[in-house]
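Note sheet for the following structure.
The values are calculated or read from the model by the stated rules, or taken from the named source; none is laboratory data. Just so we're clear, the structure is a prediction, and the values are computed from it rather than from any experiment. Cβ placement follows ideal geometry from the backbone for every residue including glycine, while neighbour counts extend to all protein chains displayed.
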Amino acid sequence: MRDRVSSKRRFLWLLSFVFSVIGAGLCIVTILLDRDYQKPLSPHQIGNKPAFVEQLKGKGFPFSFLVISDTHNDESAYVLLKEMVKGSGASFLVHVGDAVSSPNLWMHRYFLRKMIEEVQPPFPVFFAPGNHDIHYGFQAVPEDRRVTERVFESLYGARSFDFTYNHCLFILCGVDMKRPESFVDDLKSVLSKQAAGKKHIFIFLHFPPTAVIPGFGFPREKEFLSLLESYKVTTCFFGHYHGYRHLQTHGTNMIVLGGGGGSLKSWQSDWGKFHHGLKITVGEDTLTENIMVLPKEMIFHYSLSWWIVVDILPLIHNRIWIAYLFAFGFLWGAFGSLLALKNTGRAKNILKG
């Protein structure tokens, strides 16, 4: 009977030791991440700023660029982005929205650090925001963490952006969810002023029209499609739908590439249901599209560091002493558990095992 009680105690002390070590480890990782996030971001080229366009060097034809959408801070997206960027020879990358899963400042901070420190694109990354990137009141986010339009612009620059590269016009359409129809007027204005004489015109917009993906709703769709036809737009890139579609309408390539990393929906057709990004190669009169996919799906979609940065740091980043206090408590608990195990005469076996 005593042996049974003693074994039970040893098991409980061992459980306490393991729990304390894990707790101390989490606290230490939290402290290290807090130190990292207290530092300013390294110089980067992520966002919609004229200075980033000025850094582009015209290559003439052919040239290439990368496109991805709906990455949602998924770890598979960062693996895919690293593969896309590596040795691509691309001039720049365009993200077509929903880089994060919620308009939370800490999610954007995580996205920026992952891009800068791990993906390390050697060229500009432009950004057409999606419905998850800016807070419009549709998602519950604490007020002090909301990425409003103003906060988004402080992080990335203008929500709507256009530039010319190698005699081609690139238009990134930001959509105001409070006035979703207004983007058509902005697009019309840019096309009327910038489209003349361009070899190709490319448009990047998060939401696809119902002519491409039925069921989502699209304001002033007929007017939008008429603009594409009138100005002979080469290709439109869309996100939002977590899959791949490619068709032509009104003489324009319509490409949906919302499978950058976000969850694939059970109701989706199996066709085009995979995580991917695109490499577009532009010739004077040709356009080549290479689909870049993950060799296999990730088991874990969010990392431990993501959970700590998004859920823990916002609560204690100005009171990091809390993490130190918990770390000390867990380490003291681990030490006490080891002493208790030693008193049962099992410490040597545990340390050897």
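Of the candidates THR281, THR235, the single residue that is buried (at least 21 other Cβ atoms within 10 Å of the Cβ) and of a type in the set (Ser, Thr, Tyr) is THR235. When we screen ILE280, ILE299 for residues that are at pLDDT below 90 and either closer than 26 Å to SER101 by Cα or in a strand (DSSP E or B) (or both), the only hit is ILE299. Scanning the range 95-113 for residues that are closer than 23 Å to PRO208 by Cβ, surrounded by fewer than 23 Cβ atoms within 10 Å (Cβ to Cβ) and in contact (Cβ under 8 Å) with a residue 60 or more places away in the chain turns up just one, SER101.
For the range 72-91, the set of residues classified as buried (at least 22 other Cβ atoms within 10 Å of the Cβ) and in contact with a strand residue (DSSP E or B) (Cβ under 7 Å, 6 or more places away or on another chain) consists of LEU80, LEU81, MET84, listed by residue number. A count restricted to the range 167-189 and to residues that are part of a strand (DSSP E or B) and either farther than 24 Å from PHE65 by Cβ or not assigned by TED's automatic domain parsing to the domain that holds LEU228 (or both) stands at 0. Checking each residue in the range 127-140 for being crowded, with 18+ Cβ neighbours inside 10 Å and more than 25 Å from ALA196 (Cβ to Cβ) picks out PHE127, PRO129, GLY130, ASN131, HIS132, ASP133, ILE134, HIS135. Scanning the range 167-183 for residues that are surrounded by 17 or more Cβ atoms within 10 Å (Cβ to Cβ) and in contact (Cβ under 8 Å) with a residue 40 or more places away in the chain, which turns out nearest to PRO129 (Cα to Cα)? Checked the range 167-183; the qualifying residue nearest to PRO129 (Cα to Cα) is GLY174. Taking the listed residues THR164, THR210, the one that is in a strand (DSSP E or B), in the same structural domain as PHE61 (by TED's automatic domain parsing), surrounded by fewer than 21 Cβ atoms within 10 Å (Cβ to Cβ) and of a type in the set (Val, Ile, Thr) is THR164, with no other qualifying. PHE218 meets each of the listed conditions (1) free of Cβ contacts under 8 Å to residues at least 12 places away in the same chain; (2) outside any loop (DSSP other than H, G, I, E, B) apart from (2).
Going residue by residue through the range 23-31, is there one that turns out to be over 22 Å from PHE127 (Cβ atoms), out of contact with any Phe, Trp or Tyr (no Cβ under 9 Å at 6 or more places or on another chain) and part of a helix (DSSP H, G or I)? Before you say what the answer is, go through the steps one by one.
Going residue by residue through the range 23-31, those that are over 22 Å from PHE127 (Cβ atoms) are 23-31.
Now narrow it down to the ones that are out of contact with any Phe, Trp or Tyr (no Cβ under 9 Å at 6 or more places or on another chain): 28-29.
Next, only the ones that are part of a helix (DSSP H, G or I) stay: 28-29.
Yes - at least one qualifying residue is present in the range 23-31.
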